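I have placed the structure first, in the form of structure tokens, so that the comments after it can refer back to it.
The values are calculated or read from the model by the stated rules, or taken from the named source; none is laboratory data. Predicted, not measured: the structure shown is a model, and the values here were computed from it. Positions of Cβ are generated from backbone atoms using ideal geometry, with glycine treated the same way; all protein chains shown enter the neighbour counts. The protein model used for the area step is the full one, side chains on, heavy atoms only, and it has no ligands, DNA or RNA in it. Shrake-Rupley method; radii C 1.70, N 1.55, O 1.52, S 1.80 Å.
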Amino acid sequence: FGSRAVVSGPEHTRGMASAVRLGPRFHSLMAAAKEAGLGRLVVISDFDQTLTMYTGKDGKPAPQCHEIMLRHLQPPLPECWPELVRWHGLTEPQRMAICENDPGQRAARTQWFFDKFVEADEGGILDQQVSQCVEACSTQLRDGVAELVQWLGEKGVPLLIVSAGLQEVISALLQAASLTLPPTAQIVSNSFANPRVSITSRTKAASLTLVPEALAAASGRVVICLGDKPSDLDPLKGLGEDVVALKIGFCKPGASDAEVLEYLDVFDVVIPGDPGVDFVLDLVKGLES
């Protein structure tokens with residue numbers, strides 16, 4: 001994969017920050033992807049903790065899109081804001097207890113949070129503060145993301161950023177990093193401008209139906225899918241069985257060997273330790289030859 005990531009065995013490579021683990025299907029998937037060629041490649045990526053780091057500029061866990069707004073929004077605050085802040089601050093066991101340990105109620109509560117958040121922007125009260133909230137936050141892109149996005153754009157490779165976050169916050173974080181998306185890239189996410197669009201971690205499987213032209217473009221292709229949790233792979237479910245899908249997962253810093261192995265049950269490549277995207281960039285460049 002070039003000079004940055006050196007294959008040292010059938011199960012892992014050694015990157016700059018930590019071991020990159022390869023699953024048993026990696027080599028056969030790479031062979032199929034190389035045979036198809038760069039012209040048939042589509043990249044689908046989550047945003048929070050995938051294109052951004054788990055760790056913020058201050059060395060603490062970095063806030064994700066909604067949390068950036070919850071932490072840094074200045075008065076006047078929407079009437080529902082305290083309720084949203086309270087729900088976001090609960091642990092998962094606490095949330096399940098409120099939902100009577102009913103998965104259906106839990107899913108409905110997640111949908112309530114996302115819907116209520118967008119509704120809170122009445123009069124543009126949230127949208128107007130996105131830039132200052134992003135400026136105040138510690139969230140940062142992974143090293144190499146700008147180079148990866150630029151290279152994909154130069155080669156005409158479609159990039160779909162599919163996120164349960166907020167399009168306005170994602171765009172502001174990219175802008176803060178002086179990164180402009182090329183015409184071949186698109187953000188599929190919740191947006192203050194379009195309350196009818198609602199994407200949660202539980203509904204990502206249907207997310208590409210919101211962009212039918214992108215869905216059609218990805219069908220029958222080689223798809224590299226980047227994520228930090230299994231639900232980030234759900235957009236692949238609508239692409240059909242003729243897709244060659246290579247799944248790359250970013251595992252949280254300090255993950256145990258057991259946790260990494262759990263990721264390998266789902267992903268074909270696991271990148272632990274919060275490094276940059278050098279491995280991904282070298283991988284896609286390798287499909288050009």
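For the peptides 97-109, 132-144, 274-286, 29-41, the ranking by packing is 274-286, 132-144, 29-41, 97-109, with the highest mean count of neighbouring Cβ atoms within 10 Å listed first. Phi angles of region 155-171 translate, via the Karplus equation with coefficients 6.51, -1.76, 1.60 and θ = phi - 60°, into HN-Hα couplings of 8, x, 7, x, 10, 10, 8, 9, 9, 8, x, 10, 4, 5, 6, 4, 4 Hz per residue; Gly and Pro are given as x.
Top mean-square fluctuation among Pro272, Pro235, Pro183, Gaussian network model of the chain, C-alpha springs under 10 Å? Evaluated over the chain, the most mobile residue of the options is Pro183. A Förster radius of 41 Å combined with the Cβ-Cβ distance from Asp265 to Trp112 puts the calculated FRET efficiency at roughly 0.85.
Going by alpha carbons, how many degrees (0 to 90, nearest 10) lie between the helix axis of 26-36 and the longest principal axis of the chain? Approximately 80 degrees, to the nearest ten. Which of the three applies to the chain, rounded, prolate or oblate, going by the alpha-carbon gyration tensor with a ≥ b ≥ c and a/c under 1.5 meaning rounded? Prolate shape, in that a/c is at least 1.5 and a/b is the bigger ratio. The alpha carbon gyration tensor of region 59-121 gives principal lengths a ≥ b ≥ c with a/c of 1.5 or higher and a/b no greater than b/c, which makes the shape oblate.
A simple rule links phi to the HN-Hα coupling: the Karplus curve 6.51 cos²θ - 1.76 cosθ + 1.60 with θ = phi - 60°, which for region 131-139 gives 4, 6, 5, 5, 4, 7, 8, 9, 5 Hz, with x for Gly and Pro. For Lys116, the lysines whose Cα falls under 25 Å of its own Cα, not counting residues fewer than eight places away in the same chain, are Lys204, Lys229. Classified by the C-alpha gyration tensor, region 106-147 has an oblate form. Its axis ratio a/c, with a ≥ b ≥ c, is 1.5 or above, and a/b does not exceed b/c. A straight line joining the Cα centroids of region 145-160 and region 75-103 runs 37 Å. When the solvent-accessible area of region 130-207 is split by element, carbon and sulfur atoms take up 45 percent of it, the probe being 1.4 Å.
For Lys155, the lysines whose Cα comes closer than 25 Å to its Cα, not counting residues fewer than 8 places off in the same chain, are Lys34, Lys247, Lys285. Averaged per residue, the chain has 46 square angstrom of accessible surface, using a 1.4 angstrom probe with ligands and nucleic acids left out. When the chain is modelled as a GNM with alpha-carbon springs shorter than 10 Å, which of Gln186, Gln49, Gln74 fluctuates the most? Highest fluctuation among the options: Gln74. Between Thr55, Thr91, Thr110, the residue with the greatest mean-square fluctuation in the GNM of the chain (Cα pairs under 10 Å linked by springs) is Thr91.
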